[in-house]
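Here is the structure we will look at.
The values are calculated or read from the model by the stated rules, or taken from the named source; none is laboratory data. Since this is a predicted model, take the numbers as computed values, not measurements. Here the Cβ positions follow ideal geometry from the backbone for every residue, glycine too, while neighbour counts run over all protein chains shown.
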Amino acid sequence: MPAFTRIAGAAIVGAQAELVDVQISVATQQEGGDATFRIVGLPDSALREGRERVRGAVLHGGWPWPWRPVTVNLAPAGARKQGAALDLPIALGVLAAEGLAGDAAALSHVLCMGELTLDGGVLPVRGVLAAAEAARRRGLTRAWVPAANAAEAAAVDGLEVVAVPTLGAAIGHAGGLVTLPRQPPGTWRPAAWRGSTSAVRGQPLAVQAAWIAAAGGHNLLLSGPPGCGKTLLARHVVDLLPPLTRPESLEASRVHSIAGLLEGGLLRRRPFRAPHHSASLAGLVGGGSVPRPGEVSLAHRGVLFLDELPEFARSTLEALRQPLEDGVITVARASGRAEFPAQALVVAACNPCPCGWHGVADRCRCTRTARERYRLRVSGPLRDRFDLQVSLQPVDPDRLVGADEPSPYDLGDLRRARTRQGDRWNARIPAAALPEAVSPTEAARREVVRCARRLGLSARGVHRALRVARTLADLRDEDRVDVDEVRIALTLREA
Ligand SMILES: [Zn+2]
């Protein structure tokens, strides 16, 4: 009967991981046969090439390769397995089947991940955090992972994590010859709230909009000439957002881990992503033959800053619309569907015209048609996703060197506004729930109707203003929305 071992590996599907039962069967001397080495169970090409890495690493380390039939089955067979993270469990399993890596039965309770180099090194892999969580859900308590991924695995409660530098070290550890140190369990502490001072000068309305955006999770569109502080304002918004909670950090860190961008343990600061306007569709919303998260998912629970919004490809911008609304992106591929979270607060910036100087003295040389064409590059429905739209003016140099400007609110206001919203953000109140959630006074209600008629607001426009008005009332710790809040909300809607 062939020698048999099993060990737990993992495959990444969207922002989640599924455990893979890596089953290894090695024919005995008596059974003989040729030296075939097969991997079955829907491996992708990177994984099939893994055979060479696995055999190379084993031979380089001075262990004997069984020159008899070796079969690796990856179960469940229906799910496509991608990448090289299964190298390490396969190599360990083969050597355990040969009696060279300790007690084979003990290995079946270990989550094992790592890409091998031909000389036996263990390289970091993607998705270790999600895999560690999946292992814990299945009752596993131990994980052996690449050293660079150890901190993220150790962030999962109840998992004993060992950092594996080389195949040799893993074999020694499995056989009890060496004891690799246990990664200290990750302890969660939230980051400090960045605070309220802004480097932005001379733009009181835009600064107020930044506070409101952060308080209620509203998307913000800034329009103004070059150098008026649009990028600074976008950074101000992410600093004003409350620190990540642990559940939020787990969500965001999982995405960064799958993109191969997580360094050390869990993210403590909210992500700030600022993709260039030449970014591809896949780069922005996610995709690829092995679906990877795009910028909008990497900004999950943080801020996505789209500078020079009209310069992005129109198709790319339109593809952003639905995910921004739903807070989730589904990428469909032949290999199945992958889902990534996408609850990012979007701050976008644009110039008022192609040259950037329209409205500033007489500096603009653009024709009316050119200006209109420029404006139309951002479609109405996309513009509708921005609850707050503010025009900025060039700043008088006198103010740039002046004293700190007072903030419109303080962190106490922000904290109260956040608490009043509970788990939801005002920006995400569904239209049907608005009347009850906003609770306008009779005078405020009349003001909304009056302004909607006068300004020709669409239903969507009215809803947008009501959500912002709710946040303004929350910042003042008021239960009901009054006329003032309605008026300010309407001032902040037209760039
Ligand atoms: Zn111009």
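Candidates in the stretch 51-81 are the residues that are free of Cβ contacts under 8 Å to residues at least 60 places away in the same chain and of a type in the set (G, A, S); of these, the one that is nearest to C112 (Cα to Cα) is A75.
Mind checking which residues of the stretch 299-329 are assigned to a strand (DSSP E or B) and out of contact with any Lys or Arg (no Cβ under 6 Å at 6 or more places or on another chain)? Those that are assigned to a strand (DSSP E or B) and out of contact with any Lys or Arg (no Cβ under 6 Å at 6 or more places or on another chain): V303, F305, L306, V328, I329.
Of the residues making up the stretch 299-308, just one is more than 26 Å from P430 (Cβ to Cβ) and surrounded by 20 or more Cβ atoms within 10 Å (Cβ to Cβ), namely F305. Taken over the stretch 54-99, the criterion of being among the aliphatic types (A, V, I, L, M), under 25 Å from V290 (Cα atoms) and surrounded by 24 or more Cβ atoms within 10 Å (Cβ to Cβ) is satisfied by V54, V72, A85, L86, L88, I90, A91. All of R418, R467 fail the test of being in contact (Cβ under 8 Å) with a residue 60 or more places away in the chain and in contact with a Pro (Cβ under 7 Å, 6 or more places away or on another chain), apart from R418. Tell me whether the stretch 155-176 contains one or more residues that are surrounded by 18 or more Cβ atoms within 10 Å (Cβ to Cβ), modelled with pLDDT of 95 or more and acidic (D, E). Among the residues of the stretch 155-176, not one is surrounded by 18 or more Cβ atoms within 10 Å (Cβ to Cβ), modelled with pLDDT of 95 or more and acidic (D, E), which makes the answer no. I'm checking my understanding of the structure. Among residues of the stretch 177-196 that are loosely packed, with under 13 Cβ neighbours inside 10 Å and within 27 Å of the chain's Cα centre (by Cα), which one is modelled with the highest pLDDT? Per the stated criteria, the residue is P184. You will find that of A131, A150, the residue that is assigned to a helix (DSSP H, G or I), touching a residue at least 60 places away in the same chain (Cβ under 8 Å) and either in contact with a strand residue (DSSP E or B) (Cβ under 9 Å, 6 or more places away or on another chain) or not aliphatic (A, V, I, L, M) (or both) is A131 and no other.
Residues in the stretch 372-396 that are among the charged types (D, E, K, R), modelled with pLDDT of 90 or more and either within 11 Å of the ligand (Cβ to nearest atom) or closer than 28 Å to P430 by Cβ (or both): D387 only. If you filter the stretch 334-357 down to residues that are in contact with a helix residue (DSSP H, G or I) (Cβ under 8 Å, 6 or more places away or on another chain), farther than 30 Å from A79 by Cβ and without any contact (Cβ under 8 Å) to a residue 60 or more places away in the chain, you find that the one that is farthest from the ligand (Cβ to nearest atom) is P354.
Total residues in the stretch 408-467 satisfying the condition of being of a type in the set (S, T, Y) and in contact with a Phe, Trp or Tyr (Cβ under 7 Å, 6 or more places away or on another chain): the figure is 1.
Only one entry in Q322, Q343 is modelled with pLDDT of 90 or more, among the polar types (S, T, N, Q) and closer than 23 Å to G288 by Cα, namely Q343. Is it the case that the stretch 375-385 has a residue that's in contact with a Leu (Cβ under 8 Å, 6 or more places away or on another chain), polar (S, T, N, Q) and more than 30 Å from E478 (Cα to Cα)? Yes - at least one qualifying residue is present in the stretch 375-385.
So, in the stretch 313-333, of the ones that are more than 16 Å from the chain's Cα centre (by Cα) and crowded, with 18+ Cβ neighbours inside 10 Å, which residue ends up nearest to the ligand (Cβ to nearest atom)? That would be L317.
Working only within the stretch 37-67, note down all residues that are over 18 Å from L88 (Cβ atoms) and either part of a strand (DSSP E or B) or at pLDDT 90 or above (or both).
R38, V40, P64
Residues that are at positive phi and surrounded by fewer than 18 Cβ atoms within 10 Å (Cβ to Cβ) within the stretch 105-152 comprise just one, G139. Residue count for the stretch 208-218, restricted to those that are surrounded by 24 or more Cβ atoms within 10 Å (Cβ to Cβ) and part of a loop (DSSP other than H, G, I, E, B): 1. Within the stretch 236-278, the set of residues being in a loop (DSSP other than H, G, I, E, B) and closer than 24 Å to F312 by Cβ comprises L241, A259, L261, R270, P271, A274, P275, H276, H277, S278. Against the list (1) modelled with pLDDT of 95 or more; (2) in a loop (DSSP other than H, G, I, E, B); (3) not basic (K, R), the condition P225 fails is (1).
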